[in-house]
Structures are given as C-alpha cells and as structure tokens.
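Notes follow once the structure below has been shown.
The values are calculated or read from the model by the stated rules, or taken from the named source; none is laboratory data. Just so we're clear, the structure is a prediction, and the values are computed from it rather than from any experiment. Note that we place each Cβ from the backbone using ideal geometry, even for glycine, and neighbour counts take in every protein chain shown. Quick note on the areas: whole protein, heavy atoms, side chains included, nothing else; ligands and nucleic acids left out. Shrake-Rupley method; radii C 1.70, N 1.55, O 1.52, S 1.80 Å.
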Amino acid sequence: MTPHTTPDSHTPHLPRQPLQAVLFDMDGTLVDTERLWWEAVEHVAAGLGRSLTEADEEDVLGRPVEHTAEMLSRATDAPFAEVAADLHREFADRVRSGVVARPGALRLLDALAADGVPTALVTASPRAIADLVVEGLGVGRFAVTVTADDTPLTKPAPDPYLAACRALGVEPAACVAVEDTRTGVSSAEAAGCAVLAVPSLAPIAAAPGRTVRESLEDVTPAALRGMITTREAPDPSDSSDPRELRVMSWNLWFGGTKVRHHREKQLKIILASGVDVIGLQETYGTAARELAEALGWEYHQAGENLGVISRYPITGRLGAADPGFYGGTGVRVTLGADQDVVLWSAHLDYTPYGPYEASFDGLASPDLTAHESVRLGQMREILAAMAPDLAARDTTPVLLVGDFNAPSHLDREDAEWPVTRAAEGAGLRDSYREAHPDPVRSPGHTWSPVHTQHEDGSGRPEPQDRIDYVLYAGAGLRVLDSRTLVTGTPLTWPDVEDNDWPSDHAAVITTFSLGRVVRSD
C-alpha cells in the first residue's frame, strides 16, 4: 500500500526539527463535513425507520461508511450493500453541493506552508470523497493523503497515521495530529502523535499529550511546535529504561464476543488505560493477535485461551506452546537496555466455585479448602514452570496475572483458600491488596460487573468476589497504584450486547515503579 500523494509531489527530505509534520483529519476538522455526514446518515436511517440519537455518535462520527452501514443494517435488517451505497450517495451529494472550511483551517494550512512544515490529510472517508474535498481546498495543500482505502485498518487503529508518517519520512512523536472526534484521537495517540483536539459535535477531554481548543482560529505553527517540545515523549534514540510499568490482567469473556463491536471497545479501553503489557484470558483463539496488530504491539498466543500483548518487545516465550484451556503461559519483555521483566498469564478452572459453595451450599471450611484441589494443582504446575524465573527475580522482576477463579486468603477467613497461599509461598505478592490493605474498605471485586443475580433464575444474589490478580516478585518493582477497571455502567446478564464494557470480569491494573537492575541474560 502506498498512500496517495499529490501530483508531482515527492516525499520531502525533512530537517530533524521539533515539529516535523502536521497531520489533519478531514471531516469536521478541516471542513464542515461532520454535520453533512450526520445529516446523510440521519436521512438514510429515517428511510429505514430508525431515528438517530446521541447514543449513535460512536457508530457515526469519525467512522468509515462501512462501519455505519453495518450498524444500520444490523439494526434494521436492511441489506448491507444497499445501506452502504445509499450512505455513499447521500454524503457525496452533500459534499458536491459545497463544503465549507472550518474557521481558521485555511489560514493555518497557509501558515504551515510558509514555515515549511509538511502537512498530510488522514481520513476515515473513502478516496472518492477525500478527493472531492481536496479539490475544493486546493490540491497542492497536502504532501500526502491517506484514506480508508489505503490501510487494512482505519481509525481508531493507528494504521492511517503510521502510514502518513512513513510516507512523509517523519517520526510520529515529532508530529501533531489535528482531530475532532474521540475515534480519531484514539488513532493518532495509538500511533504516538501529539494531538490537538478541536471537537466538532461530541466533547473531548484534555489529557497528557493532548491539547483541546474550541477552534483552529488562534492556532499557530509556534503553538503546534510547543506541543512537541513540551510533551513528555520518549526520544526514539534513547535506550534508557522506563521508570514505570503499567500491567493489566483481563479476562476477555469468549474474546469479548458477547458484546457488539467488542474489538473496537477493547481497543478503546486499552488506549484509554495507558497500560504497557496485558495478560489475557479467554482470548477465543485470535484476540491477542488481533488486538496487538491493531495497536501496533507485540503478542504471544498460547493455545485458544491464553495470551500476552505488549507495547514493549517480547523477547522470549515461556512454557508450553499450548497449555490447554486452563493453565499458564509466559513471556520475557525487554523494557530497555538494562531492564527485562517476565510476565505469566494464568487461567484456572472455575468448578467447583468456592464462593457458590460457601454462599449457596453452606460448606464448612475444611470442605471449601478440599474442593480447591483442582485449582491448587494447576497453580502448582504454573509455579513449577515459573521456578527458574522466580529464582532470578532479583535481577529480572516476575509477574503472575490472571483469573484464578478463587478468592484470596487476604480477603476471606472462611477457608484456607490455598491457591493464593501457594502463590504467596512462592514469593509472589498481591499488588492490589498491597495498595489497598483493608478488604472491607476496598474489596476490589472482579466477579462480576454483569452478574448481580445467579444465572439459574432463582433470584439469589450472585456472590461478588476478587478472583483476578496482578501478583509480583522482585526487588525492581514497587507498587504505585492498583485498581480494578470497568467502563460505563454495564447492563446485567443477559442484556449485555450493547455494554461499553465487553467482559464479565473487571480488569485489574497495577502501576509499578521500576528500580534499575541489571538484566539477566
């Protein structure tokens, strides 16, 4: 794939200045087509008997035609091809009738050209629409244009912005992306760009590396340069180790497939959380690869159920290639010139489930403990596989994350709960309970944000418990913060398909500080 360039243009040889290029979204950012697109979708939806609401913004604004067509097709049972064709036609007709540049857009483009700063157009619209808009703005204004037709994945994946940077020969960290939607902001930030957000219809919050303005009218090349020189972006030539590491454990729940648009929702959650490495369970065979490819990360998939994805290089794969549905898998992650960590992701059997036996069956402590034998055996097998890593933990810190399907002995006193005791006996510490020592004040429940009543229809309250963990060992790690994560307000089972949160577990995220240790090779 070669992104489209303007006639007689070439990839410029750029000086290594703080601001190497500015990358503009099109719809709603440079030209006032966001409202035209919304009006086109409204018109087509009305013809299908469906009215748009504010809840539809995520499926319309900043999205390619195909995404919105799929949403309408699914909601109305209309043929996808016909819906897509109608959307293309209605939007193109509105664009041809005359697009209007957003306030300050043309002045900023002219100022950047006068300063010798290259610009690119990066849009989720198809080539046919983008070419109409570029013709209206002036063909020579952009060195490169990247459309939905030019990359395998479009926004919110980072692919379009990465493609524009490659075509320009620039580093993403030295570029400012100008966007008007949350979808576009996610794409640009995933690519590593600084972002200037100028919201058109839906609000966007400020964040580290992201500046929010009401319009482009007062934006200058100097202000854009300031976004690069003041942001805390890593120097690509700097081989020093990071000082913090953010780790997530996440059971994806059949890969997320119980919820519509699960992959996009997963990506949005990962990008917003700022995590560095994630131990995954219930990957449904392909989730680790698909998430990593969309993020531009590295991944390890072990069998159908376990995986790890990492923004840092995965330099070793540990354990069996296919540990089975229940078990553990590990990776070695290189964070910098002198720093590695080892992370294992585990998933233990869910039957028999101790909290059910305690709450529903009234089992006494000895029976509850005895019934943990299957999970305890699985944990011991994982700890045996981790033994060489645990022995070297003072030079290479070790993490064990996962869904243990067992409560912690640090939380409950009604049984021994030997699974977490075994991990503790191997030298692993519970990061969440270290950050929140009081289990009454901070229960940290991860099971379950979508199950409040037991699935058998009896109306019995579902026991809420902490069964997902981020454990760690090694002198190089210190817990700065640990928390559970659920986005939105999930509806309960079985009405979950439109939830923002695409899992039946809460995730656990722990932020560690990294003391400098010598890497064990």
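Some notes on this structure:
Rundown of residues vs (1) under 30 Å from residue 389 (Cα atoms); (2) touching a Cys at 6+ places or on another chain (Cβ under 7 Å); (3) modelled with pLDDT under 95; (4) acidic (Asp, Glu), yes/no style:
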{"residue": "416", "(1), (2), (3), (4)": "yes, no, yes, yes"}
{"residue": "421", "(1), (2), (3), (4)": "yes, no, no, no"}
{"residue": "441", "(1), (2), (3), (4)": "no, no, yes, no"}
{"residue": "463", "(1), (2), (3), (4)": "no, no, no, no"}
{"residue": "500", "(1), (2), (3), (4)": "no, no, yes, yes"}
{"residue": "511", "(1), (2), (3), (4)": "yes, no, yes, no"}
{"residue": "518", "(1), (2), (3), (4)": "yes, no, yes, no"}
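Per-residue answers, yes or no, for (1) out of contact with any strand residue (DSSP E or B) (no Cβ under 7 Å at 6 or more places or on another chain); (2) at pLDDT 85 or above; (3) not acidic (Asp, Glu):
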{"site": "49", "(1), (2), (3)": "yes, yes, yes"}
{"site": "57", "(1), (2), (3)": "yes, no, no"}
{"site": "66", "(1), (2), (3)": "yes, no, no"}
{"site": "76", "(1), (2), (3)": "yes, yes, yes"}
{"site": "81", "(1), (2), (3)": "yes, yes, yes"}
{"site": "87", "(1), (2), (3)": "yes, yes, yes"}
{"site": "90", "(1), (2), (3)": "yes, yes, no"}
{"site": "93", "(1), (2), (3)": "yes, no, no"}
{"site": "97", "(1), (2), (3)": "yes, no, yes"}
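- Test: residue in region 354-365 that is of a type in the set (D, E, K, R), in contact with a His (Cβ under 9 Å, 6 or more places away or on another chain) and over 24 Å from residue 250 (Cβ atoms): yes
- Picking from residues in region 361-384 that are among the aliphatic types (A, V, I, L, M) and within 33 Å of the chain's Cα centre (by Cα), the one that is most open to solvent (accessible area, probe 1.4 Å) is 384.
- A count restricted to region 32-47 and to residues that are under 12 Å from residue 133 (Cβ atoms), surrounded by fewer than 24 Cβ atoms within 10 Å (Cβ to Cβ) and in contact with a helix residue (DSSP H, G or I) (Cβ under 8 Å, 6 or more places away or on another chain) stands at 1.
- Residue match in region 295-316 (condition: within 12 Å of the chain's Cα centre (by Cα), buried (at least 18 other Cβ atoms within 10 Å of the Cβ), at pLDDT 90 or above and in a strand (DSSP E or B)): yes
- Restricting region 99-116 to residues that are open to solvent by less than 30 Å² (accessible area, probe 1.4 Å) and not in a loop (DSSP other than H, G, I, E, B), the residue that is farthest from residue 190 (Cα to Cα): 111
- Pick from region 117-159, criterion farther than 20 Å from residue 33 by Cα and assigned to a helix (DSSP H, G or I), ranking: least open to solvent (accessible area, probe 1.4 Å): 159
- Positions within region 345-381 being assigned to a loop (DSSP other than H, G, I, E, B) and of a type in the set (Phe, Trp, Tyr), in sequence order: 350, 353, 360
- Among the candidates 68, 29, residue that is outside any loop (DSSP other than H, G, I, E, B) and open to solvent by less than 40 Å² (accessible area, probe 1.4 Å): 68
- Selection status of residue 340, of a type in the set (Asp, Glu), part of a strand (DSSP E or B) and modelled with pLDDT under 95: yes
- Residue list for region 87-98, filter: outside any loop (DSSP other than H, G, I, E, B) and either under 18 Å from residue 222 (Cβ atoms) or of a type in the set (Gly, Ala, Ser) (or both): 92
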